[in-house]
Amino acid sequence: MDLTLSPSEGGFRDEVRTWLLANNPGPEPEGGLDEVMAFRREWQLKLHAAGWAGISWPKEYGGRGATMIEQAIFVGEAARQEAPSPANVLGLAMGGPVVIAHGTDAQKQRYLEPILTGEEIWCQGFSEPESGSDLASLKTRAVKDGDEWVVSGQKVWTTFAQYAKWCMLLARTDPDVPRHQGLTYFLMDMEQEGVEAKPLVQITGEGEFNEVFMDEARIPEENVVGGVGNGWGVAITTLMNERAGLAFGAIAQIQNSLSRLARLAAEVRVEGGSSAAEDAYFRQRIAQLNIEAEAMRLAAYRGLTKTMQSGIPGPEGSLGKWQWSDISQGLNELALEIEGAYAPLSRGAAQAIDNGAWQYGFLRSRANSIEGGTTDILKNIIAERVLGLPRLR
Amino acid sequence: MYFDLTDEQQAIKSTAHDFLASRFKSERIREIAASEDGSDAAGWREMAELGWTGLAVPEEWGGQGLGIVELAILFEEMGYALATSPLFSNTIAGLALTLCGSDDQRERYLRPLAAGERRGTPALWDAGSTATPGAFAMEAQADGADTILSGEKILVPDAASADFFLVATSDGHRHLVDRAAAGVSVRAEESIDATRRLSTVSFDGVRVAAGDTLPASGSEYEHVFDRLCVALAAESTGIAQRTLDMAVEYAKDRQQFGRPIGAYQAVSHRCAQMLLETENVRSLVYGAAWAADAEPESLPRAASMAKAYASDAGWRVPNASIQVHGGIGFTWEHDLHFFLKRGRANAAMFGDARWHRERVAASVFAGARAPASS
C-alpha cells in the first residue's frame, strides 16, 4: 500500500502543474454559450499544441500514451487550477476511445485528429424521450438503403448537439432480434438536412442539452462502428470510458467547492453575530461533507489501483458516481442554508452573496443525480452486479 | 500509487479471517459473553502464538514490528468475526508503552504484553465527567517521589481480566498500576455490548512509584489516540462488512410474494446503501492507517475522519441489516444484535462521531492541507 506518487508520477504532476500555471487562460467569459464554446475551442487548440489533448490515447493515434494514474493527475490538476474545459469533452473522453477500440483503420485516419484539435465537436445520441434509464428499449430506426443507412427518430439530453459535427448515435437496425442485439453504433454527420437540434431550456435557464430530431437522415455504411448489431457492446465501452475519465476531475472540483464553502461560512454572520464557521451545527455539516469527499477520493484511488490491474473499470465506479452527486448536491444545499434569508438572491441582485454562484450551483446540481446514470439506476447496478442480488425484471 | 493490500498484507488478512472464523463461532461468542469475566484464555494463547498481542510492538521489545495498516487489517477481521477478546484494549496499552514509555517500563510491561503474558488496558475517564478524549480529572498527588491516585475510572474495557492499567491524570500523565495493587478494585458494569466488558475501577490511595509514571505527557498521547482510533474504526468496518454480507445472503434466500426479497428495490437499494457506507469507511480507515505509517503529519485529521464515519456506519449498517432480516433480526437467537451492540458501543468509545467531526471542522477551518498525493 502506497498512496504517494512514484518519482515519475510526481515528475508528471510537476510538469502538468507548471504548464497549467503558465497557460491557464482563467475563467470562462460571461454571457452566452457561443462565447464560452469559442473560448473552449481556443483552449483546446492550446492543449493540443502542447500535447495535453487525448493524454490517455496511445501515441500512434496522436495521444500522449499516459497511464491511467497520469490521466487522473492531469484532470485533477486542471480542476484544481480551475482551468476551463476543452471544447470537445465528449470526443476526447468517449468518441476517440471508441474509435480507437472498435474503429476501422480508415475511421481512425478520418476522425481522431479533428477530435484532438477540437475542430470537430462530438455529441452523444443515446437517450430518447421514451428510453432513459432503459436505454436498450430505444426506438430510433436505421434502415439500409443501398450503401447508406436512413435514420428516423428522436434523441434527447444531447449535450452540445448544436455545436457538434458528429453524433455517436445508437439506433435500432434489427427490430426482430432480442433488443440488445438489434442495435448499431453509428457516426452521424450532424450537418445535413434531416437532422435538427433544438436546445432544451434547463431549470438554470441555460441550454446545454438538446433534443435532436432525425427525419430520414443519411449515414454512409462505412460510418458503422464495431459492426452492425454490436451497438450495445460498443456503447457500454463508451459509458465506462466516460465515467473513468471524468472521475478525478469531478473529485478535484468537489474539493475546490468545499474550500469555497469554508470561505463562505467564515464570511456569513448568523444570529448572535458570530460567523457560520463558528456555529456548531454548520461545523458538523461541513465536516461531514469533507469526510465524505475524502472517502470518495480514496475510493477512487482504490478503484484506479484495481482497474490498472484488471484493465477494465468495474461496476464499483457506480458507487463513486452516486456519491459524487450526493456530495455535489449536499454542498450546494448547505451553502444556501448558510446564506439563510439571502438564499433566493441570484446573480445580478445587489445583495446576492458570491454573485449568486451558489444559487446556480444549487440548481445545476439537481441534474447530478440524473445525468450519466440516475442514482436509482446506479443502485440497481450495484445491487445486481456488485452484490449479486437477483434482478426484478 | 498503489492503494490495495500487498501479498504479505493479504496473507495476514486471510490467516486472521480463517483463524477467527473457526475460533469465534456463534455458540462460542455466546458462551464467552455469558461468562463471569468475558474472557477466553485458550483463544488468547492462540492469538499470542500468532503474534497478534505484539503485532505493532517493535521487534526489540518482542513484537512483530508491523505497521498500523497491518493492525487495521487484523482489527477489521476481529470485527468481522465479532471476536470476543481483550486484544483491542491490550493493543492500546502496547501503543502507549511503545510511543510514550521509558525503556525500563517497556522491559517490565511491554515485553510481557507483546508475548501475551501480561495484559494491559487504559483507565482514562473519570466518574461524573463528560468522558471525552483528553479531559481527565483524577489528580496525581505527589508524595515524595511517588504519586498517590484516588478516584473512580469508568468505561474501562476488559478490566476484570487485565493485569495492569494505564491510569490518566489531570496533569496529562499516565501511570502503570497493577490490578492486584493495594487500593484497586474492579466493578463490572452493565453494557449493551456483552462482547466487550466495561468496568468501573476504583483507586483508593493507590501508591505509584516514580518509575511507573510514563515520561510522556499531554498531547504526546495523541499519537496513541489517533492510532487506536484507526484500529477501532477498522473493527467497525469489519462489523459493517459482516452484517452487509448477512443481509445480502438473506435477501437472496428469503422469499416473499413469490420472489427473493432482494429483487425488490426497497430491499436491494438498502443493501446498496450499506455497501456504500462499508466501502467508505474502509477507504477512510486504510487511508488513515497508511498516513500513520507513512505521512504522520496528516494522521490526526485522517484518523478523526475514519473514526467519525466508522462511528455512524458501525451501527447503521447492522441496523439496516436487522431491517432487511425483518422479525428474525430482532430476536436474541439471531446474531445480528451482537453486531449492532458492538458497533454502537464502538461509536461511543474514544470520541463519538460528533466529537471527531468537530476535530475535522477545526482542521478544515485552520486550512489544513489534504495529503500531498491529492
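Roughly how crowded by other chains is peptide A:378-391, in terms of the mean Cβ count from those chains within 10 Å of each of its Cβ atoms? Working shown, then result.
Values: counts 2, 9, 4, 1, 7, 12, 4, 0, 5, 12, 4, 15, 9, 3.
Shielding by partners across A:378-391 averages 6.
Neighbour counts of other C-beta atoms within 10 Å: give me B:Asp352, B:Asp143 arranged from fewest to most.
Values: B:Asp352 17, B:Asp143 10.
The order, fewest Cβ neighbours first, is B:Asp143, B:Asp352.
If you take every residue apart from B:His269 with its C-beta less than 9 Å away from the C-beta of B:His269, what net charge results, scoring Lys and Arg +1 and Asp and Glu -1?
So the environment of B:His269 carries a net charge of +1.
Just from its helices, what would the mean residue ellipticity at 222 nm be for chain A, if runs of 4 or more DSSP H residues each count -39500 (n - 2.57) and the sum is divided by every residue, rounded to the nearest 500 deg cm²/dmol?
Numbers: 10 runs with 173 residues, N = 393.
My calculation for chain A gives -15000 deg cm²/dmol from helical runs alone.
Compare the Cα positions of B:Ala348, B:Met305, B:Tyr286 along the charge dipole of segment B:219-365 (+1 at Cβ of Lys, Arg; -1 at Cβ of Asp, Glu; about the Cα centre) and return the one farthest towards the positive end.
Of the candidates, B:Ala348 comes out farthest on the positive side.
Given H placed on each backbone N at 1.01 Å, which residues far from B:Arg179 in sequence or on other chains put an amide H within less than 5 Å of it?
B:Phe164, B:Phe165
What shape does chain B take by its C-alpha gyration tensor, where a ≥ b ≥ c are the square roots of the eigenvalues and a/c under 1.5 counts as rounded, a/b above b/c as prolate, and the rest as oblate?
On the way: a/c = 1.75, a/b = 1.50, b/c = 1.16.
Since a/c reaches 1.5 and a/b is larger than b/c, the shape of chain B is classed as prolate.
Could you list, in their original order, any pairs among A:Lys139/A:Lys165; A:Lys165/A:Lys306; A:Lys306/B:Lys307; A:Lys144/A:Lys321; A:Lys306/B:Lys341; A:Lys155/A:Lys306 whose Cα atoms are separated by more than 31 Å? Mind showing how you got there, number by number?
Numbers: A:Lys139/A:Lys165 23 Å; A:Lys165/A:Lys306 36 Å; A:Lys306/B:Lys307 25 Å; A:Lys144/A:Lys321 38 Å; A:Lys306/B:Lys341 34 Å; A:Lys155/A:Lys306 35 Å.
Too far apart for the 31 Å limit: A:Lys165/A:Lys306; A:Lys144/A:Lys321; A:Lys306/B:Lys341; A:Lys155/A:Lys306.
Which value in nm describes the separation of the simple spin-label points at A:Arg141 and A:Gln202, placed 7 Å from the Cα toward the beta carbon?
With each label point 7 Å from Cα toward Cβ, the separation is 3.3 nm.
What's the angle, to the nearest 10 degrees (0 to 90), between helix B:353-365's Cα axis and the longest principal axis of chain B?
The angle comes out at about 80 degrees.
Tilt of helix A:68-80 relative to the longest C-alpha principal axis of chain A, in degrees (0 to 90, nearest 10)?
Compared with the principal axis, the helix lies near 50 degrees.
Give me the net charge for the shell around B:Phe164: Cβ to Cβ below 10 angstrom, other residues only, Lys and Arg +1, Asp and Glu -1. Don't skip to the end; give the middle numbers.
Values: positive: B:Arg108, B:Arg118, B:Arg119, B:Arg179; negative: B:Asp163, B:Asp178, B:Asp212.
Here the charged neighbours net out to +1.
Assign unit charges at the C-beta atoms only (+1 for Lys and Arg, -1 for Asp and Glu), then state the dipole size of segment B:283-374 relative to its Cα centre in Debye, rounded to the nearest 20.
Details: 10 positive and 8 negative charges, 50 e Å.
Using only the charged Cβ atoms, the result is roughly 240 debye.
What per residue convex hull volume, in Å³, do the alpha-carbon atoms of segment A:234-386 yield? Mind dumping the intermediate values first?
Details: hull volume 17.8 nm³, N = 153.
Dividing the Cα hull volume of segment A:234-386 by its residues yields 116 Å³.
Which of the three applies to segment B:189-321, rounded, prolate or oblate, going by the alpha-carbon gyration tensor with a ≥ b ≥ c and a/c under 1.5 meaning rounded? Walk me through the numbers on the way to the answer.
Working: a/c = 4.57, a/b = 1.91, b/c = 2.40.
It is oblate, given that a/c is not under 1.5 and a/b is not larger than b/c.
Percent of Cα-Cα pairs per 5 Å bin, from 0 to the last occupied bin, for segment B:7-119, please list those.
Binned Cα distances yield the sequence 2, 12, 23, 23, 19, 12, 7, 2, 0.
Based on Cα positions only, what radius of gyration and what Dmax would you give for the protein assembly as shown, in angstroms?
29.6, 106
What is the average number of partner chain Cβ atoms found within 10 Å of a Cβ in B:271-279? Let's see the in-between values first.
Details: counts 6, 14, 3, 1, 7, 11, 1, 0, 10.
Per residue, the number of nearby Cβ atoms from other chains is 6 on average.
Under the 0.36 nm per residue contour assumption, what length would be gained going from the current alpha-carbon distance of B:Gln265 and B:Ser219 to full extension? Please list the in-between numbers first.
Details: separation 46, 0.36 × 46 = 16.56 nm, distance 4.88 nm.
Gain in length upon complete extension: 11.7 nm.
If you rank A:Arg141, A:Arg80 by fewest surrounding Cβ atoms within 10 Å, what's the result?
On the way: A:Arg141 15, A:Arg80 18.
Starting with the residue having the fewest Cβ neighbours, the order is A:Arg141, A:Arg80.
What list of ³J(HN,Hα) couplings, whole Hz, do you get for segment A:326-335 from phi and the Karplus terms 6.51, -1.76, 1.60, once you set θ to phi - 60° and write x for glycine and proline?
Result, rounded to whole Hz: 4, 5, 4, 5, x, 6, 6, 5, 5, 4.
Quick one: give the max-minus-min coordinate of the C-alpha atoms of segment B:121-216 along each principal axis, largest first, in Å.
42, 27, 21
Given a Förster radius of 41 Å and the C-beta distance between B:Asp204 and B:Glu59 as r, what FRET efficiency does 1/(1 + (r/R0)^6) yield to the nearest 0.05? Don't skip to the end; give the middle numbers.
Values: r = 39 Å, r/R0 = 0.95.
That gives a FRET efficiency of 0.55.
In sequence order, what are the phi-derived ³J(HN,Hα) couplings for segment B:288-299 according to the Karplus relation 6.51 cos²θ - 1.76 cosθ + 1.60 with θ = phi - 60°, rounded to whole Hz, with x for glycine and proline?
Along segment B:288-299, the couplings run 6, 5, 5, 4, 4, 7, 10, 9, x, 5, 9, 5 Hz.
How much net charge surrounds A:Ala367 when only the other residues with a Cβ under 12 Å from the Cβ of A:Ala367 are counted, with Lys and Arg +1 and Asp and Glu -1? Don't skip to the answer; put the middle values down first.
Working: positive: A:Arg364, A:Arg366; negative: A:Glu206, A:Glu208, A:Glu371.
Neighbour charge sum, excluding A:Ala367 itself: -1.
Output the peptides A:326-334, B:187-195 sorted from most to least packed, where packing is the average of other Cβ atoms within 10 Å over each peptide's residues.
A:326-334, B:187-195
Please report the relative contact order for chain A, taking Cα pairs under 8 Å with a sequence separation of at least 6, and give it as a percent rounded to a whole number.
Values: 623 pairs, mean separation 46.2, N = 393.
Taking the mean separation of contacting Cα pairs over the length of chain A, I get 12 percent.
Compute the Kirkwood hydrodynamic radius of segment A:7-117, taking the inverse of the mean of 1/r over all pairs of distinct Cα atoms, and give it in Å to one decimal. It would help to have the intermediate numbers written out before the result.
On the way: mean 1/r = 0.0686 Å⁻¹.
Result for segment A:7-117 stands at 14.6 Å.
Does segment A:122-229 come out rounded, prolate or oblate, given a ≥ b ≥ c as the square roots of the eigenvalues of its C-alpha gyration tensor, rounded meaning a/c under 1.5 and, failing that, prolate meaning a/b above b/c? Could you put the intermediate results ahead of the total?
On the way: a/c = 2.20, a/b = 1.42, b/c = 1.55.
It is oblate, given that a/c is not under 1.5 and a/b is not larger than b/c.
Simple spin-label model, 7 Å along Cα-to-Cβ: B:Ile192 to A:Ala22 in nm?
Spacing of the two 7 Å Cα→Cβ label points: 6.0 nm.
What value does chain A have for Rg/Rh, both radii from Cα atoms and Rh as Kirkwood defines it? Each step should come with its number before you reach the end.
Values: Rg = 21.9 Å, Rh = 22.5 Å.
Expressed as Rg/Rh, it is 0.97.
Can you give the FRET efficiency to the nearest 0.05 for A:Ala266 and A:Asp134, using r as the Cβ-Cβ distance and R₀ = 41 Å?
Working: r = 46 Å, r/R0 = 1.12.
The value I calculate is 0.35.
Grab the DSSP H runs of chain B that are 4 residues or longer, score each as -39,500 (n - 2.57), total them, divide by all residues and round the 222 nm result to the nearest 500 deg cm²/dmol.
Values: 11 runs with 183 residues, N = 374.
Helices in chain B give a 222 nm mean residue ellipticity of -16500 deg cm²/dmol.
May I ask you to derive the relative contact order of segment B:153-283, considering only C-alpha pairs under 8 Å and at least 6 residues apart, and to give it as an integer percent? Can you show the working numbers first?
On the way: 146 pairs, mean separation 25.8, N = 131.
Result for segment B:153-283 is 20 percent.
Which cross-chain or sequence-distant (5 or more) residues have an amide H under 5 Å from the amide H of A:Asn210, H modelled 1.01 Å from N in plane?
A:Trp157, A:Thr158, A:Thr159, A:Phe160, A:Ala161, A:Leu200
If neighbour count is taken as other Cβ atoms inside 10 Å, put B:Trp315, A:Trp57 in order from fewest to most. Intermediate results must be reported in sequence, preceding the final value.
Details: B:Trp315 25, A:Trp57 22.
Neighbour counts put them in this order, fewest first: A:Trp57, B:Trp315.
Which whole-number percent is the relative contact order of segment A:269-393 (Cα, under 8 Å, 6+ apart)?
Values: 96 pairs, mean separation 26.3, N = 125.
Relative contact order here is 21 percent.
Coordinate-derived values only; no laboratory data. Just so it is clear, the structure is predicted and the values come from calculations on it, not from any experiment. With ideal geometry, Cβ positions are generated from the backbone for all residues, glycine too; neighbour counts draw on all protein chains shown.
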